[in-house]
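Read through the structure below, which is laid out as structure tokens, and then see the notes.
Each value in this text was obtained by applying a stated rule to the coordinates, not by laboratory testing. Keep in mind that what you see is a predicted model, and the values were worked out from it rather than measured. Cβ: placed from backbone, ideal geometry, glycine included. Neighbour counts: every protein chain shown.
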Amino acid sequence: MPAHEIVIAGFGGQGVLFLGEVLAHAAVREGRHVTWLPAYGPEQRGGTAHCTVVIDDEPIASPVVADPTVLIALNRPSLDRFERAVRPGGLIVLDATLVDRLPARADVHSVAVPATAIAAELGAPRAANIVLLGALLAVAPILSEAAIRAGLEDKVRDPARRAANLTALARGAAAVRVPAVPT
Amino acid sequence: MIRVAGRPRTLLDVPTHYCPGCTHGIIHRLVAETIDALAIRERTIGVASVGCSVFIYDYLDVDFQQAAHGRAPAVATGIKRVLPDRVVFTYQGDGDLASIGAAEILHAAARGERITVIYVNNALYGMTGGQMAPTTLPGMRTTTSPEGRDVRRHGAPLRMAELLASLDGVAYAAREAVSSPARIHRARRAVEAAFRAQLDDRGLGIVELLSTCPVNWGLEPTDALAWCEAHMVPVFPLGVFKDVRRAREPVDARA
Amino acid sequence: MSRVLMKGNEAMAEAAIRAGCRAYFGYPITPQSELPEYMARHLPAAGGVFLQAESEVAAINMVYGAAGAGARVMTSTSSPGFSLMTEGLSYLVGARLPCVVVTVMRGGPGLGNIAPSQADYFQVTRGLGHGDVHAIVLAPSTVQEAVELVGLAFALAERYRLPVIVAADGLLGQMMEPVELPPALPVPQAPPWATTGAATGRRVISSIHLDPEALERHVLELVATYDLIAAREPRWEADGVEGADVAVVAYGTTARIARSAVARARARGLAVGLLRPITLWPFPIAAFASAPRRWLVAEMSSGQMVDDVRLAVEGRAPVLRYTRVGGVVPTPVELAEAIVRAARPAAVPA
Ligand SMILES: Cc1ncc(C[n+]2csc(CCOP(=O)(O)OP(=O)(O)O)c2C)c(N)n1
């Protein structure tokens, strides 16, 4: 399987780094190679956060990615900033509640899920990131469901929160299969 | 009683390099006598500083580490933390302790490091040829204060014993002189008390000892002793500024 | 053996504990603070000493004291703090004391920023303090390698009785990667030269030799050790350098990025090699016996390692460079472009 080079971006507090860590832990549980790189330097400006997760079957060369295969955009500035960088044929997953436009690129796949609205409906407003993860895995099964569950176990100790995350994951996946916005 | 004759076991039988009339030698002897009296020679580690006393490790028969200028309290901290059952002392001049090493002594004291500090104050930088130190007396001429120390420009002398006595981590702080047999007798008691503060696990012990530097003061040895008495003692009052008999319970914010 | 996901800074701390390090003295500075924080949480439980010093000046001198007292000891810092430690490093070398100093380099000069950088190359390979001072400098490029090199650093420090520097950068310190941790080594006994109390004869640890001839003998002994290190300890990794159109030279994080860039350039039909120094000092001069058409040195500095490359290549092939400064990390895409440009006949040495 080719490497997955994933950029996750949003506001600080949206669980951007956390989402990346869940992916990274899940990748370890699946025996894959993985790097998790937070933007901690000059990029960490104006309350925005992003991280880069690379998952591969081979040892990973660069943890720094200029042209990601996947972009998870949790807000509009993140889409604006990273859309151009996504590799042709790549995938953009975005939170349609907070991003008020669709990707303009025709050469990438896009999935828009009202993640914040779904999370609010679930009574777990901070789980929008996990809703997006569910959506991502539904269209691109980068990691097995078992690995993701195990990754969540590594990161979330509280059983109630973990259960909420699993529900968010399932709702994210369902939102992709069933169009979220009635047409 | 001060034993004038007879060499303490810890004092090596070698000639020292000190100038005539310098009192570093007397202070070395007080330290050696104390180490003998407390029977701690085999578990004592000294830290030599940078200044005239840099070669103290050639004169005392204990393990020694030689530290960078001013850093002796940090080196002593490193030793004491990994060897907590040993006795660790520093031997520092006033340039070393009060100027370049002010941060290191302040924080070792604030942490209450279980170390003993022998602080020798001769009111100037002896080794480098008599420049002004933070302890130089107001109006005193040195090679870098040729018109005399101007307090407006250079500030007033630092009284380290009093300053350190104000810190919770310090169990014992005193200042004595070695300018007469009676003073030497008191100094010897202070040195021992500063070691005992460490041995009893009470905190840092420091003795500031007013010392002479006839060569850089431009005085004959006997005049130097009188000058110390007449000019230094008024600026640096003698006495015990702190003597905590029991380890103080620290106030814990978690309580 | 199982793999655990760890930040570079934390993995280096755990590696040190497993290497038998039982004393840590340091002062907080980004981007390495996770290392002392990890030590504060775990070293006391392992029976060791953690102490936050009042400054890097104090920290390195505490390391001196503990090393002289026979402890396996380390500190860590980042660039501005490393500058303050160079005084102590000179004394540690002068007194022949082993210790490990990790520096997680960030952008300079001055306060600069906290982003990843390799701009302290000259400082770690040439400027460790006054006097004829050198120390082995190990440059990891993955978290796994950081773990291994921290272990190696303690072994080399004790073998040669000298400090060993582990030169990482902010990216390696901050990133997480799965690592296999080595089994824990026993905590060593204090060596016979350590000042532990003069029960069996007196020991003095000092860097003073007032008599010039005595100091010359001492320095020549150091130089003999440096020569031994230069003969035995150069480490590097090379891939496809001989006969390449372009061979990239890069270390640490930049070498990882370069590996991706090399793959991209190869996909475009170029013969591209990669040479990765693992020891920055001693510089792996022997590795440069291979003959590509051109060398391209990539580093996150204005061009520092390139000097060592030129010395090693001795004019046999053109040496070009690609540099980013100020904490800017090159991407594989831009570095691949630089490789393609370097392969063009018109490319002239920078
Ligand atoms: C970093 C550094 N700066 C300056 C010196 C030069 N130096 C050596 S001894 C000394 C002054 C020592 O004076 P003091 O501590 O008062 O001791 P004394 O010689 O008077 O006994 C100085 C400035 C040095 N060795 N290291």
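Values computed for the structure shown
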| read-out | value |
| --- | --- |
| Shape of chain B, Cα gyration tensor, a/c cut at 1.5 | oblate |
| Zero-based 5 Å bins, Cα pair distances in region C:233-344, whole percents | 2, 14, 27, 27, 20, 9, 1, 0 |
| Charge dipole (debye, nearest 20) of chain B; +1 at Cβ of Lys and Arg, -1 at Cβ of Asp and Glu | 460 debye |
| Residue mean of other protein chain beta carbons inside 10 Å, A:19-32 | 2 |
| Calculated FRET efficiency for the pair C:Arg293/C:Ala40, C-beta based, R₀ 60 Å, to 0.05 | 0.70 |
| Highest-MSF residue in chain C out of C:Val248, C:Val137, C:Val179 [GNM, Cα springs under 10 Å] | C:Val179 |
| Selection from C:Leu128, B:Gln198, B:Pro8, by position along the positive dipole direction of the protein assembly as shown (Cβ) | B:Gln198 |
| Value of [θ]222 nm, deg cm²/dmol, for the protein assembly as shown, DSSP H segments ≥ 4, -39500 (n - 2.57) each, nearest 500 | -11000 deg cm²/dmol |
| Three-way shape label, chain A, alpha-carbon gyration tensor, a/c 1.5 | rounded |
| Under the span-like rule (Cα at least 18 Å along the axis, Kyte-Doolittle mean at least -1.0), DSSP H helices of chain B | B:24-38, B:181-199 |
| Test item: A:55-67 mean partner chain Cβ contacts at 10 Å | 6 |
| In degrees, nearest ten, helix C:332-343 long axis to first principal axis of chain C (Cα) | 60 degrees |
| Candidates B:Glu33, B:Glu147, B:Glu42, ranked by Gaussian network fluctuation over chain B, Cα under 10 Å, top entry | B:Glu147 |
| Proximal lysines relative to B:Lys242, as straight alpha-carbon distance under 25 Å, when same-chain residues fewer than 8 apart are discounted | B:Lys80 |
| Label-point gap, in nm, between B:Leu199 and B:Ser180 - each point 7 angstrom along Cα→Cβ | 2.9 nm |
| Nitroxide proxy distance, nm - points 7 Å out along Cα→Cβ at C:Ala271 and B:Ala37 | 8.3 nm |
| Separation of the C:Trp193 and A:Glu153 label points, Cα + 7 Å toward Cβ, nm | 5.2 nm |
| Cα Rg, Dmax (largest Cα-Cα span) when computed across region A:1-87, Å | 12.4, 36 |
| Region C:2-232 - convex hull of alpha carbons, volume per residue in Å³ | 122 Å³ |
| Furthest towards positive pole of dipole, A:Thr52, B:Leu106, C:Val325, structure part the protein assembly as shown, Cβ charges | A:Thr52 |
| Between region C:288-350 and region C:46-117, the Cα center-to-center distance that results, in Å | 31 Å |
| Degrees between helix C:56-68 axis and first principal axis of chain C (Cα, 0 to 90, nearest 10) | 60 degrees |
| Tail fraction, Cα-Cα pairs, the protein assembly as shown, threshold 40 Å, whole percent | 46 percent |
| Peptides C:4-13, A:168-177, C:62-71 ordered by average Cβ neighbours within 10 Å, highest first | C:62-71, C:4-13, A:168-177 |
| For region B:130-144, Karplus couplings with θ = phi - 60° (6.51, -1.76, 1.60), whole Hz, Gly/Pro x | x, 7, 5, 10, x, 9, 4, 6, x, x, 6, 7, 9, 5, 10 |
| Overall form of region B:7-133 per C-alpha gyration tensor (a/c, 1.5; a/b vs b/c) | oblate |
| Of C:Gly173, B:Val50, C:Leu296, farthest towards positive along the dipole that unit charges on Lys, Arg, Asp, Glu beta carbons give the protein assembly as shown | C:Gly173 |
| Order of B:Met232, B:Met132, C:Met85 under a 10 Å beta carbon neighbour criterion, fewest first | B:Met132, B:Met232, C:Met85 |
| Cross-link reach list, lysines versus C:Lys7, counting only Cα pairs under 29 Å and skipping chain neighbours closer than eight places | A:Lys155 |
| Debye, to nearest 20: dipole size of the protein assembly as shown, +1 on Lys, Arg Cβ, -1 on Asp, Glu Cβ | 780 debye |
| Region B:217-238 residues near the modelled B:Ser166 label - backbone nitrogen below 20 Å, point 7 Å along Cα→Cβ | B:235-238 |
| Rounded to the nearest 20 debye, dipole of region C:237-343 from Cβ charges on Lys, Arg, Asp, Glu | 280 debye |
| Other protein chain Cβ atoms within 10 Å, averaged over every residue that makes up C:254-265 | 3 |
